[in-house]
Amino acid sequence: MASSTLICETQPWKDLKSHVEDIKKTHLRELLSDTDRCKSMVVDFDGITLDYSRQRATPGTMDNLYNLAEAAHLKEKIDRMFNGEHINSTENRSVLHVALRAPRDAVMQSDGKNVVPDVWNVLDKIKDFSERVRNGSWVGATGKALTDVISVGIGGSFLGPLFVHTALQTDPEASKCATGRQLRFLANVDPIDVARNTAGLKPETTLVVVVSKTFTTAETMLNARTLRAWISKELGPSAVAKHMVAVSTNLTLVEKFGIDPNNAFAFWDWVGGRYSVCSAVGVLPLSLQYGFTVVDKFLKGASSIDQHFYSAPFEKNLPVLLGMLSVWNVSFFGYPARAILPYSQALEKFAPHIQQVSMESNGKGVSIDGKPLPFETGEIDFGEPGTNGQHSFYQLIHQGRVIPCDFIGVVKSQQPVYLEGEVVNNHDELMSNFFAQPDALAYGKTPEELQKENVLQHLIPHKTFSGNRPSLSLLLSSLDAYKIGQLLAIYEHRVAVQGFIWGINSFDQWGVELGKSLATQVRKQLHASRVKGEPVEGFNFSTTTMLTKYLK
Ligand code: F6P
């Protein structure tokens, strides 16, 4: 395929377009009765089992998808990513988040330089700093230990670390290491978020970590100034040196803000914001909370998937299979959304994180060469842990719109409960639903079955389930730091696979800029009106009306 050829112009895409019409004639009930087919759709890797037999796909579909991957030069694109080529072409950058979790002796190049030693310099610095804070040898301005941390950041400088923190919170090993410590995240510029995150904390025992790749994001910088004032007011301006540190690629701006560059933890422009949780963005706050050993285990989990993604054949490659199936669902069935349904409360912040990773990466309208795309890319990601979601939006998934679902379950609960006299323990109760829901979606319930059950005639249409609704299941052997790292990397790479096949740039985010620049114009107006009493000017009728009401 010539680089300017769109993927939809290739033969494998056309083949899949006609193949999907055949598949549409086959119900999942039928597909699931073919045991050989089902056997071929279960893949195991390092404590993770993927079962995609409830996808509306046959081995023939998979062959067509492998052909599509070949036409999209998927393997070459994965190699180019790992080789540090500037695949983020609109920003002229490498995409090397895999280097953030590479072993110390690995070699990964960006612009002719092995970046792994730089990564490990920062990891060593974090290990040393977090140990000093945790053991009380780094103290605050009044000599007290810093037991509480507020991480200030938004988007990729927030969602990934929050997901991992939430997942580790109840892991027995991690939680033991966090005794007596608190980690909070201040993201929204809404003063309510400031109030909530400072409530009950004292500046003298709090360390603020300002996390911003650019160190220019308006919300983060205002929140950082607000917390700087919170500290200075109580402890005096000199206390900032002991109570504020930063994570950024822009160390000049960090210093300008008043944070000692020695207390800054670097990362690099080859790390995209939404792919930065394995950099100091996540590693610093998480090491402060849980200790570096736990976080190192998380990095090792992510690294295990990186190596698998790089080297496993496509038929056994978890991120590749997941990415290809997403393309199948979005581009050929036209399903616009996907539900991420972890049957684990510890994963409650997983869907919000993947929402950014996926939607900011793949919600694009042009190819990597800037050609308008005649097909839609990206998908609408949302989700909630089971079983909560079942009592919220599953009605729509079962009888309303078709939304492919990712069911994520865990064999061994982080916090098992055994209640005497109960039929099953709590985790088995949870997992009963994890196993039941995919079949309910796939098989549905026919009017004939309802008739046999003597359901009243007039209720039969209401109680009928069409079924034939695709899902896939991921079963993790446990949910410790290592597994959390694996899960993260699987989804990161899945998004890349989708983007590589669609032929887009999954690593830029120009779509967020317009709103930001319009907000600058509004900000100026609000300032001019409030300080100098100037009238609202230069906006359309609607915005002028609303701004005028707001200013009253
Ligand atoms: O607005 C989107 C975005 O640019 C994200 O891509 C990024 O994760 C977030 O803002 C925060 O950016 P920064 O880390 O530079 O403050």
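Read-outs: derived from the displayed coordinates by stated rules, not from any lab. This structure is a prediction, so every number in the text was calculated from the model and none was measured. Ideal geometry is used to build each Cβ from the backbone, glycine not excepted, and the neighbour counts take in all protein chains shown.
Odds and ends about this structure:
- Scanning the range 42-66 for residues that are of a type in the set (D, E), out of contact with any Ser or Thr (no Cβ under 9 Å at 6 or more places or on another chain) and either surrounded by 20 or more Cβ atoms within 10 Å (Cβ to Cβ) or closer than 19 Å to A442 by Cα (or both) yields no hits at all.
- Taken as a whole, the range 442-460 holds no residue that is under 28 Å from Q169 (Cβ atoms), touching a residue at least 60 places away in the same chain (Cβ under 8 Å) and assigned to a helix (DSSP H, G or I).
- In the range 110-123, of all residues being out of contact with any Phe, Trp or Tyr (no Cβ under 9 Å at 6 or more places or on another chain) and more than 22 Å from I490 (Cα to Cα), the one that is surrounded by the most Cβ atoms within 10 Å (Cβ to Cβ) corresponds to W120.
- The range 152-179, subset in a helix (DSSP H, G or I) and of a type in the set (V, I, T), residue nearest to the ligand (Cβ to nearest atom): V164
- Residue check for S326: under 17 Å from the mean Cα position of the chain (by Cα) and either within 16 Å of the ligand (Cβ to nearest atom) or of a type outside the set (G, A, S) (or both): no
- Hits in the range 89-139 - residues which are assigned to a loop (DSSP other than H, G, I, E, B) and among the small types (G, A, S): S89, S94, A102, A106, G112, G136, S137
- On the stretch given as the range 199-246, residues that are under 31 Å from the mean Cα position of the chain (by Cα), among the charged types (D, E, K, R) and away from the ligand (no atom under 16 Å from the Cβ) total 1.
- When V283, V240 are screened for being crowded, with 24+ Cβ neighbours inside 10 Å and under 17 Å from D148 (Cα atoms), only V283 passes.
- Residue within the range 507-522 that is surrounded by 17 or more Cβ atoms within 10 Å (Cβ to Cβ) and either in contact with a Pro (Cβ under 7 Å, 6 or more places away or on another chain) or of a type in the set (D, E) (or both) present: yes
- Filter result for T206 (more than 27 Å from L479 (Cα to Cα) and buried (at least 20 other Cβ atoms within 10 Å of the Cβ)): yes
- Flag for M359 being of a type in the set (A, V, I, L, M, F, W, C) and within 16 Å of the ligand (Cβ to nearest atom): yes
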